[in-house]
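Working notes for the structure below.
The values are calculated or read from the model by the stated rules, or taken from the named source; none is laboratory data. This structure is a prediction, so every number in the text was calculated from the model and none was measured. Cβ: placed from backbone, ideal geometry, glycine included. Neighbour counts: every protein chain shown. Side chains are part of the model used for accessible areas, which takes the heavy atoms of the whole protein and leaves out ligands, DNA and RNA. Shrake-Rupley method; radii C 1.70, N 1.55, O 1.52, S 1.80 Å.
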Amino acid sequence: MIQCADEEYQKNDALLNKNYKAAMKACGDDKQCKSDLQKMQRHWIAYKEAVSAWIYSYGENGGGSLGRVQAIQWEAEETKKQAEVLQQHYHSQ
């Protein structure tokens, strides 16, 4: 189960990285756009890591291997959502 969840996360993370680079490129020469995008992404990463740690430690199956699976599954879904947010950004430019 952990391997499947991790594979899904890795797939979504690759898409997120692709879309982040495309969103940065869509900012063009606008330094404020790039700075704001980078700031937003750093805040999102901190949020994702904090919630994932909480799910792992205190969620329904916290602390065990099932808690780890739940945390990775949550990260995979949230990473996919963030990739979609970034895709919307660079397509709207």
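For the reader, a short list of remarks on this structure follows.
- The single condition from (1) of a type outside the set (Gly, Ala, Ser); (2) exposed (fewer than 15 other Cβ atoms within 10 Å of the Cβ); (3) more than 11 Å from the chain's Cα centre (by Cα) that Asp6 fails is (2).
- Members of segment 41-57 that are modelled with pLDDT of 95 or more and open to solvent by 70 Å² or more (accessible area, probe 1.4 Å): Arg42, His43, Tyr47, Glu49
- Unique match (being under 22 Å from Ile2 (Cβ atoms), more than 13 Å from the chain's Cα centre (by Cα) and assigned to a helix (DSSP H, G or I)) among Leu16, Leu66: Leu66
- Pair list, Cβ under 6 Å, 6 or more apart: segment 21-48 residue touching a residue at least 60 places away in the same chain (Cβ under 8 Å), other residue part of a helix (DSSP H, G or I) and open to solvent by less than 40 Å² (accessible area, probe 1.4 Å): Ala23/Leu37; Ala23/Leu86; Cys27/Cys33
- In segment 69-93, residue surrounded by the most Cβ atoms within 10 Å (Cβ to Cβ) [restricted to those that are in a helix (DSSP H, G or I) and more than 17 Å from the chain's Cα centre (by Cα)]: His91
- Conditions (1) under 21 Å from His91 (Cβ atoms); (2) within 15 Å of the chain's Cα centre (by Cα): number failed by Cys27: (2)
- Qualifying residue in segment 24-33 (condition: out of contact with any Cys (no Cβ under 9 Å at 6 or more places or on another chain), part of a helix (DSSP H, G or I) and open to solvent by less than 50 Å² (accessible area, probe 1.4 Å)): no
- Here Glu60 passes the criteria (1) exposed (fewer than 14 other Cβ atoms within 10 Å of the Cβ); (2) within 17 Å of the chain's Cα centre (by Cα) except the one numbered (2).
- Cross-chain or 6+ apart pairs with Cβ under 6 Å, segment 60-75 first and at pLDDT 95 or above, then part of a loop (DSSP other than H, G, I, E, B) and open to solvent by less than 40 Å² (accessible area, probe 1.4 Å): none
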